[in-house]
Amino acid sequence: MKILKSSEMVYADENTINLTGIPSLVLMENAGRTSTEIILKKYPDKEKFVIVAGSGNNGGDGLVIARYLLRYGKSVKVFILSDSRSKLSPDNLKNLEIFEAFGGEVYLIDKDKLGKFRNAVKEADVIVDAIFGTGFKPPVKGYREKAIEIINRYASCVVAVDIPSGLSTDTGKIEGTHTKAEITVTFAYPKLAHILYPACEYCGDVYVIDISIDYQYLKEIHRYLITPENLVLPERRKNSHKYTYGHLLVIGGSTGKTGAVIMASKAATAAGSGLVTAVIPASLDMVIENALIEEMSIPVDDKNGFFGKKAPEKIKEIIENGKFTSVAAGMGMSVTEHTVELVEQLLKIKMPLVLDADGLNNIVFIDNFKEKLRKRKYPTILTPHIGEMARLTGIKTKDILDIMEEVARSFAEETGSYVVLKGSRTVIGTPDGKIFYSTKGNEGMATAGTGDVLSGILGTLVFRLGAEEGTKTAVYLHGLSGDLAVKETGVESMKATDLIRYIPEAYKKLFEMKKEKNLGFYKKL
């Protein structure tokens, strides 16, 4: 499932009409009819509906909804925020005339006629917001702003058509007044505002409707939403052994930070790694040994609880002489001259490499680190949060928050790496310029150690499934584990280890979701 910007949707819409040959009224009819189906299923007992329509084609969609609601015997009133029919788009006007031919009740209102509108909103069971569509550029001004304020104050329930009016389609930013929807029905594909915070919080449940947009006009769009049906999941063969499923080497830990390596190692086992070995400073070995049961450990040269001078060369020897299939490094490692040398050594290994946390904090001290990343012949997965991304790029943290997609894509392309940029929405950038968004996860996961858990899952799945598919599946599985765990713990008490406990349940859920078939004309995100 792709995610679109406003201009991309306009391009597909116009070409579907002008080149493919599907009339705009047919697209509008498809949109309105299926939207009504969703509304009636969601609110079967509601009787009084008010449709608030703008003068453009979003208002036309609303008028189609009004007609179908009327045919189903509902009480329907339509308010159009325009003082003249001459200002309506042709398709809007056509559907207005059809609605009136069916006996529908329509009011054109301007700034002097908001009183009647206010009373209708107060009395309605459901408000259908069809004022502005995805082409609108905020902020809302004039009496339309006042109309939205009336909706926000008095409406008991709001359904948004395409997008809550007043939001910007292309960002998660809030710019001025907007409606807050309980559900949003959008067309063809979700838009960025449906995905990104804080705008997505005002969209409610989002339903994506197939209205017969010709998808060939979106072939060049490589921005995707990760969904279960498009994920590759690991499989087990009866005729296999533990090495079939990989041997992950986890490298990290330092005094006070042993938990990071422990959680990454345990998460890797839960994610399906055949074997997991942790390499840690020698003085930490007893702590690690006591915590790990299924996983193994190898102590190396230690200096006061940190990797010592001989550690980089010893780890190189361990990798060369072992049967490891991937490496995940950096969790709890700290930053010293020896860890910088160690990370530089890891850039030369001939297997997939996941760099997290201090792996990233160390790499910035390596001369020409971007060039060295680019020269790697094996997949590299980088997992920065916003602060670590700021250190990697030199871009201020507050600026990255507004351009996460662009930063992830450009850094992935520049370094030939897979970038998992972690935030309220995780964004994956690939070396060939693709972007993947995950909507799984919750605020309870904003706690120490959840990134370590992700790194263990990634280290396992990039070997099992390949770099791109493994990264997508790992990110989704990690977020889904958190969503399942929070039902037990609540957001305040969730711990990173709760995610590890729920990885098996998340796998079960994913396999079930993978089997589900969507045979209708809409899908709930």
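Per-peptide packing, taken as the mean over residues of other Cβ atoms within 10 Å, places 412-425, 436-449 in the sequence 412-425, 436-449 from highest down.
Rg and Dmax of segment 232-287, both derived from C-alpha coordinates alone, stand at 13.5, 42 Å. Counting Lys and Arg as +1 and Asp and Glu as -1 over every other residue whose Cβ lies under 12 Å from the Cβ of Ile80, the net charge comes to +1. Loop-located trypsin sites (Lys or Arg not before Pro) across segment 196-285 with a Cβ neighbour count of 14 or fewer within 10 Å are Lys219, Arg236, Arg237, Lys238, with loop assigned by DSSP. Mean residue ellipticity, 222 nm, helices only, the chain: the sum of -39500 (n - 2.57) across DSSP H runs of n ≥ 4, divided by residue count and rounded to 500, is -13000 deg cm²/dmol. Across segment 466-477, computed HN-Hα scalar couplings (Karplus, 6.51 cos²θ - 1.76 cosθ + 1.60, θ = phi - 60°) run x, 4, 5, 5, x, 5, 4, 5, 4, 4, 5, 4 Hz from first to last residue, x flagging Gly and Pro.
How big is the Cα convex hull of segment 367-494 in projection, averaged over all directions, in nm²? All intermediate terms of the calculation are to be shown ahead of the outcome.
On the way: hull surface 31.3 nm².
Answer in nm², one decimal: 7.8.
Only Lys, Arg, Asp and Glu carry charge here, each on its Cβ (+1 for the first two, -1 for the last two); on that basis segment 1-124 has a dipole of about 440 debye about its Cα centre.
In order along segment 339-352, the Karplus-derived 3J(HN,Hα) couplings, from 6.51 cos²θ - 1.76 cosθ + 1.60 at θ = phi - 60°, round to 6, 4, 4, 4, 5, 4, 5, 5, 5, 9, 5, 9, 6, x Hz, and Gly and Pro are given as x. Mean projected area of the convex hull spanned by the Cα atoms of segment 357-415, taken over all viewing directions: 3.8 nm². For the chain, what is the percent of antiparallel DSSP beta bridges, rounded to the nearest 5? Taking every DSSP beta bridge within the chain, about 20 percent pair in antiparallel fashion. Within the accessible area of the chain, the carbon and sulfur atoms contribute 49%, probe 1.4 Å, all protein chains present.
Test of the criteria: in segment 110-202, which trypsin sites (Lys or Arg not before Pro) are in a DSSP loop and have at most 12 other Cβ atoms within 10 angstrom of their Cβ? Don't jump to the answer; show the numbers that get you there.
On the way: sites: Lys111, Lys113, Lys116, Arg118, Lys122, Lys141, Arg144, Lys146, Arg153, Lys173, Lys180, Lys191; in loops: Lys111, Lys113, Lys141, Lys173, Lys180.
Those satisfying the criteria are Lys111, Lys141.
I'd like the antiparallel share, as a percent to the nearest 5, of DSSP beta bridges with both residues in segment 313-449. Spell out each step's value before the answer.
Working: 7 of 16 bridges.
Among the beta bridges of segment 313-449, antiparallel pairing accounts for roughly 45 percent.
Two numbers describe the Cα atoms of segment 285-384: Rg and Dmax, which are 13.4, 40 Å. Which GluC sites (Glu not before Pro) from segment 232-302 combine a DSSP loop assignment with at most 16 other Cβ atoms within 10 Å? When the GluC sites (Glu not before Pro) of segment 232-302 are filtered for loop state and at most 16 Cβ neighbours within 10 Å, Glu235, Glu294 remain. For segment 265-351, the relative contact order works out to 22 percent when only alpha carbon pairs closer than 8 Å and six or more residues apart are counted. Distances over 16 Å make up what percent of all Cα-Cα pairs in segment 79-143? Of all Cα-Cα pairs in segment 79-143, 57 percent lie more than 16 Å apart. Per residue, the average separation of C-alpha pairs within less than 8 Å and at least 6 apart gives the chain a relative contact order of 12 percent.
Counting alpha carbon pairs within less than 8 Å and at least 6 residues apart, what relative contact order, in whole percent, applies to segment 71-155? Show your work: numbers first, answer last.
Numbers: 55 pairs, mean separation 28.2, N = 85.
Once divided by the residue count of segment 71-155, the mean separation gives 33 percent.
Which of the following values of Kirkwood radius over Cα pairs in Å was calculated from the structure shown: (i) 25.0; (ii) 23.6; (iii) 22.9? Structure-derived value, by its label: (i).
Averaged per residue, what accessible area in Å² does the chain show with a 1.4 Å probe, protein chains only? It would help to have the intermediate numbers written out before the result.
Values: 22180 Å² over 525 residues.
For the chain, the solvent-accessible area averages 42 Å² per residue.
Computed from phi, the 3J(HN,Hα) profile of segment 319-331 under the Karplus parametrisation 6.51, -1.76, 1.60 (θ = phi - 60°) reads 5, 5, 9, x, 10, 7, 10, 6, 10, 10, 9, x, 5 Hz, with x in place of Gly and Pro.
In this structure, the amide hydrogen of Ile80, modeled 1.01 Å from its nitrogen in the peptide plane, lies closer than 5 angstrom to those of Ala53, Tyr107, Leu108, Ile109, counting only residues at least 5 positions away or on a different chain.
The values are calculated or read from the model by the stated rules, or taken from the named source; none is laboratory data. What you see is a predicted model; the values in this text were computed from it and never measured. Cβ sites come from the backbone with ideal geometry, for glycine too, and all protein chains shown count toward neighbours. Surface accessibility is based on the protein's heavy atoms, side chains included, excluding ligands, DNA and RNA. Shrake-Rupley method; radii C 1.70, N 1.55, O 1.52, S 1.80 Å.
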